[in-house]
Structures are given as C-alpha cells and as structure tokens.
Amino acid sequence: MHSSKSSSPSGKLDGAFGIYIHIPFCKQACHYCDFHFSTSLKKKDELVNALAKELVLRKDEFKNQNVDTIYFGGGTPSLLSIEELQFLIDEVYKIYDVSESPEITIEVNPDDLTHQKLNDYSDSPINRLSIGIQSFFEEDLKLMNRAHNSEEAKRCLEEATKHFDNISIDLIYGIPGMSNERWIQNLETALAFNIPHISSYALTVEPKTALASFIKKGIIKNVDDDLAQEQFHIMIEKLEAAGFIHYELSNFGKPEYFSRNNSAYWQGKPYLGIGPSAHSFDGKNRSWNVRNNSKYINSLEKNILPIETETLSATDKYNEYVMTGLRTIWGVSLEKVEQEFGEKYKTYLLEQSQKHIIEQLLYLDDGKLLVTKKGKFLSDGIASDLFMLN
Ligand code: SF4
C-alpha cells in the first residue's frame, strides 16, 4: 500500500516486493502453535510442484517489480531437501525479475540443521538463516513439545555461525515456570554466540492448541502476563546494552542486519505469499490461500488458484498502518497519514493520541508518533484506540 511505483528512465517500475513461500510440514506439533502445517510428509513432492505452479500462475500480479527478498517460512522449510529448495529458487529466478542482491532467508529447526545441510545452504543462494531455538533449557523445550533439545540448540548455533553471519534466532519468553533468571540465562547464551538478529515473542495461548487444553485441564500453569512484561523489559535492556536495535516490537537487530523481508512488510510494501495459508498484499488487495494441503494441491493441479481476496478500504489501510507503525522504530508518520488518507485521518489520529501522550505511552518526534519505553509492551492495545471505525 505504501510502495512507490514511479517509473525509472528505462520504463521499468522501481517498486520491489517480497516472495514468501510457506512450507506446510513439521516433524511434530509444538503445543503452542496455530500455524498451518501437516506432520505427514506424504504429499511433499506434489506440494513442491504446486508451489512452482502457483509461482507461474501469479506472475502478472507484480508486473515490472523486482523481487527483493525470498523467504521460506512454515511449518519447517528445513524439511525440504536442498534440491527442492534450489528448484523453487530457480523457478523464482526464471519467472520473476530478481534484484541483484536479494535477501534469501530460510527458517530452520535445530534438529534438522546437520553439517551437510549447512554446507548445502552455504553453497546455495540462501544468505540468511532464521533458527527456531525458542529456549536453551530442556524444561521449556519439553513443555512446548519442540523437536530439539537443549544440546542441539547450542550445537546448531556453533555450527551455523561457522557458515553464515546473517543469522536470526527465535526465543520465547513468558513460558510457564520460566523465572527471570532462566530468561536472563537464555539471553546471555544467545549473546555468547554473537548472532546479529533476535526475534522474540511472548508465549501466547492460542485457542484450540494443545497448550490451551493443558492449561484448561490444569496440567500446565497459565501464562503470567505480568511476568511476561517483566521479561520483555529485561530483554530490551540486555539486548540494547549488547548493541542491538529494538526496531520492531518483537525484533532486535544489529545495524545492517534488520530483516529486509519483515521490514518491508511492516512498512506496508507488497508481498506475494505462495503456498497453503499464505497471505499476499499487492498494495490494494489482501488475499489468502486455502489452509489445507490437499485442497491446495488439487486446485493447482487444475490450474485454479485456491485463493480469496478482499480489497482494503482506506480505513482498513489506515488501521493497519497505525498498528504496524506503532510496533516499529519508524513510528506513524503524520505526513504520510495526511497524504495517503487525508486531513480527517490525521486530525483523528492526533485527537485519539492525546490521552496516551499525557500518560506517557506515546510521544511525537519529528512528525512521527512513537511508543515510549513504558508503552512498548502495550502498543497493540494503544493502536486499537487510534483505529478509525468503519
Ligand atoms: S516447528 Fe514451528 S510451525 Fe512447526 S509446529 Fe513447531 S512452531 Fe509450529
């Protein structure tokens, strides 16, 4: 929605977009997860062919724009063979214009990251790893039903840092039973590996997950929001002291190592989501694919896109911009709100912000609305107060 599509002298549009490829397979189900995946790999071959087919069928949606990032997410993309990954990357290059130095990320799980895999990845165009560490402690990994153990989490980072410098890891805080001391140890272990990017989320209890049912039955203690908030602030302090920039609510990067894929997304740039359950955004419309592997494959075998689309209204776009803007260091630009949505939206935004500015949860800096340190953990709630109702 916010990409500039001005023509370059060559007549080409200079906009860029990202391609997200969803790999919907996992070895086992983590107790807290509500992403789309299957633990049966029976349809892997058909799925990979369907992904390639979708790449072809959607080639005209982002005409004359360059692919600047390719992101293999999931699920667990490290369950694909290097040949399958390379095949999909080759297809992207064949069908689309790819920029000169795209960021190509793969999400991997520690238990898959063998020496051979790392060698294969570093010989391929993949240039960024996002590793699902989540915790270095056995009790946390067990509670979440992760497929790896504490030993594997450390071993894989030791190996991965020998092959890649652009590495991100995921860590989860607010896990029932996790003390602040244990969380600090997790952060210190991560820092010892000198990786340049950390994504970190509070454990959330999504409906219909195994975690939700264990909590309901009293088998696992519920998450403690106050403790999660403390751990969030501990993380900011520790990571900022170590030279990380807290550039998005859940993301910390050393300078030059922010995720290009996610930053583009948070700045409202367009992206093409391939695969079951993947979402896309072309600047005006949002679309999403069917969340079922068999339906996805069957539809693409018939050359039909298994997709639903909605056109975003100005209000939808404004609300989305406020939501994502407040989560990032780029904030919400008053000028942009006025230019893209009109004076009415800017006035409304300023009026609605007043209460939060007085409470020191928001502040204005150089025409941008940003959350204060105190407001950071609450940014989604604050954003909803600034939403325009349809
Ligand atoms: S590996 Fe990732 S996608 Fe798969 S079940 Fe666990 S959290 Fe969900």
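We did not get these values from a lab; they are worked out from the coordinates using the rules stated. It should be emphasised that the depicted structure is a prediction, and the values quoted were computed from it without experimental measurement. Quick reminder, even Gly has a Cβ in these numbers, built from the backbone with ideal geometry, and neighbours come from all protein chains shown.
Backbone geometry of region 24-29 corresponds, through the Karplus equation with coefficients 6.51, -1.76 and 1.60 at θ = phi - 60°, to 3J(HN,Hα) couplings of x, 9, 9, 5, 8, 8 Hz, x marking Gly and Pro. Dipole size of the chain about its Cα centre, with +1 on Lys/Arg Cβ and -1 on Asp/Glu Cβ: approximately 780 debye, rounded to the nearest 20. Between region 90-107 and region 218-245, the C-alpha centres lie 35 angstrom from each other. Applying a DSSP loop filter and a limit of 14 other Cβ atoms within 10 Å to the trypsin sites (Lys or Arg not before Pro) in region 109-213 leaves Lys208. Charges were assigned to the Cβ only: +1 to each Lys and Arg, -1 to each Asp and Glu. The resulting dipole of region 209-319 about its Cα centre is roughly 480 debye. Taking Ile274, Ile215, Ile82 in turn, the Gaussian network model of the chain (Cα-Cα springs below 10 Å) assigns the largest fluctuation to Ile215.
Roughly how far apart, in whole Å, are the Cα centres of region 119-140 and region 332-390? Each part's Cα centre sits 36 Å from the other's. The ranking of Ser287, Ser200, Ser384 from fewest to most other beta carbons within 10 Å of each one's beta carbon is Ser384, Ser287, Ser200. Pairwise over distinct Cα atoms, reciprocal of the mean inverse distance: report the Kirkwood radius of the chain in Å, one decimal place. Result for the chain, one decimal place: 22.2 Å.
Each of Phe341, Tyr321, Ile358 was scored by the projection of its Cα onto the charge dipole of region 320-390, and the greatest displacement toward the positive side belongs to Ile358; charges sit on the C-beta of Lys, Arg, Asp and Glu. Estimated translational diffusion coefficient (Stokes-Einstein, Kirkwood radius over Cα pairs, 37 °C, 0.692 mPa s) of region 273-327: 264 µm² per second. Looking at the chain, what % of its DSSP beta bridges pair antiparallel, to the nearest 5? Roughly 40 percent of the DSSP beta bridges within the chain come out antiparallel. Calculated mean residue ellipticity at 222 nm for the chain: -12500 deg cm²/dmol, from DSSP H runs with n ≥ 4 weighted as -39500 (n - 2.57), summed, divided by the residue count and rounded to 500. Annotation for Gln339 and Ser122: the two label points, set 7 Å from Cα along the Cα-Cβ direction, are 4.3 nm apart. 3J(HN,Hα) along region 290-302: 4, 9, 7, 4, 5, 4, 4, 5, 4, 5, 5, 4, 9 Hz, from the Karplus curve 6.51 cos²θ - 1.76 cosθ + 1.60 with θ = phi - 60°, whole Hz, x for Gly and Pro. Unpaired Cys in the chain, meaning no second Cys C-beta under 4.7 Å: Cys26, Cys156. Tell me which lysines have Cα within less than 17 Å of Lys162's Cα, excluding those fewer than 8 residues away on the same chain? Once the sequence-local lysines are set aside, what remains near Lys162 is Lys117, Lys154. Please go through region 43-118 and write out the chymotrypsin sites (Phe, Trp or Tyr not before Pro) that DSSP classes as loop and that have at most 14 other C-beta atoms within 10 Å. Qualifying residues, ordered by number: none.
Taking amide H as placed 1.01 Å from N in the peptide plane, the amide H of Ile133 sits under 5 Å from that of Asp170, each at least 5 places away or on another chain.
Taking other residues whose beta carbon is less than 13 angstrom from the beta carbon of Leu361, and scoring Lys, Arg as +1 and Asp, Glu as -1, yields +1. Ranking Leu41, Gly132, Ile198 by Cα position along the charge dipole of the chain, where only Lys, Arg, Asp and Glu carry charges on their C-beta atoms, puts Leu41 farthest toward the positive end.
Suppose R0 equals 51 Å; then what is the FRET efficiency for Ser99 and Lys221 from their Cβ-Cβ distance, rounded to the nearest 0.05? Step by step, r from the Cβ atoms, then E = 0.60.
Residues in region 143-158 carry Karplus couplings, in order, of 4, 8, 6, 6, 7, 10, 10, 4, 4, 5, 4, 6, 4, 5, 6, 4 Hz; the curve used is 6.51 cos²θ - 1.76 cosθ + 1.60 with θ = phi - 60°, and Gly or Pro positions show x. Taking Lys and Arg as +1 and Asp and Glu as -1, the other residues whose beta-carbon sits under 14 Å from that of Cys33 total 0. Just in region 210-241: which trypsin sites (Lys or Arg not before Pro) are loop by DSSP and have at most 15 other Cβ atoms within 10 Å? Answer in residue order: Lys217, Lys221.
Considering only Leu79, Leu364, Leu118, the Gaussian network model of the chain with Cα springs below 10 Å gives its largest mean-square fluctuation to Leu364.
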